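> My questions will all concern the structure given below.
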Amino acid sequence: MTPLLIVIVVAVFFALAIGLWLLTTYNGFVRIRNLVQEAWKQIDVELQRRHDLIPNLVEVASTAAQFERDTLQQVTAARNLARDAAATHQGVTDQAQAEQQLSGALGRFFAIAESYPQLQSIQNFVALQGELANTEDRIAAGRRFYNGNVRAL
């Protein structure tokens, strides 16, 4: 073999190796990006579930005698803000801030609800509260999965 042929074979081998590495790296990035998008869509599903549960919870609570209207209005306003952030496809940061406000309003709502024994005895309220707690747990798990995928990306 001539030295020129050896150089050409080695160069082709290195070019193929680099091309294969680039292809597998790119495919890995695409796979992780798709996982990140899928994880965020799962969080969106759970957030929508939470948004759908809140009006029922507010309605049950408002039927109970003299429940604090300010708290109900804050929860409703925070829910609307969060739904608007999701509907307008604002950035993840804006949507996260809106959801954080909603979580805070719900926390205050449940803290006040504990001081109303007649509300705590309504089975629909207790069932909705359990569903909402379950949804919150699923949102937290989805966020951990999403954050893990973002970290990998």
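The values are calculated or read from the model by the stated rules, or taken from the named source; none is laboratory data. Every value quoted in this text rests on a predicted model; they were computed, and no experiment measured them. For neighbour counting, all protein chains shown are included, and Cβ atoms are generated from backbone atoms with ideal geometry for every residue, glycine included. Surface areas here come from the heavy atoms of the whole protein model, side chains and all, with no ligands, DNA or RNA. Shrake-Rupley method; radii C 1.70, N 1.55, O 1.52, S 1.80 Å.
> Evaluate E = 1/(1 + (r/R0)^6) for Ala77 and Arg144, where r is the Cβ-Cβ distance and R0 equals 25 Å; express this FRET efficiency to the nearest 0.05.
Computed FRET efficiency for Ala77 and Arg144: 0.35.
> Now a separate question. May I ask for the angle, rounded to the nearest 10°, between helix 3-63 and the longest principal axis of the chain, with both axes built from Cα atoms and the value confined to 0 to 90°?
10
> OK, next. By how many degrees, 0 to 90 and rounded to 10, does the Cα axis of helix 123-152 deviate from the longest principal axis of the chain?
Tilt relative to the chain: about 20 degrees.
> Taking the Cα atoms only, what angle lies between the long axis of helix 92-113 and the longest principal axis of the chain, rounded to 10 degrees?
The angle comes out near 30 degrees.
> Please work out the FRET efficiency for the pair Ala152 and Ala15, using the Cβ-Cβ distance as r and a Förster radius of 22 Å; give the result to the nearest 0.05.
Computed FRET efficiency for Ala152 and Ala15: 0.15.
> Quick check: residue separation of Ile32 and Arg108 times 0.36 nm, minus the Cα distance between them. What number comes out in nm?
Difference between extended and current length: 23.6 nm.
> Roughly speaking, to the nearest percent, how much of the chain's 1.4 Å accessible area is carbon and sulfur?
That share works out to 61 percent.
> Might you tell me the accessible area per residue for the chain, computed with a 1.4 Å probe and given in Å²?
Averaged over the residues of the chain, the accessible area is 64 Å².
> Under a plain spin-label model, where a point goes 7 Å from the Cα along Cα-to-Cβ, how far apart in nm are Thr25 and Asp44?
About 3.1 nm separates the two model spin labels.
> Once every DSSP H run of n ≥ 4 in the chain is given -39500 (n - 2.57) and the sum is divided by its residues, what mean residue ellipticity at 222 nm do you get, rounded to the nearest 500 deg cm²/dmol?
So the calculated ellipticity at 222 nm is -32000 deg cm²/dmol.
> Measure off 7 Å from each Cα along the Cα-to-Cβ vector at Ile6 and Asp84, then give the distance between these two points in nanometres to one decimal.
Result: 7.4 nm between the two label points.
> Also, quick follow-up: Taking only the C-alpha atoms, wrap a convex hull around the chain and report its volume per residue in Å³ as a whole number.
108
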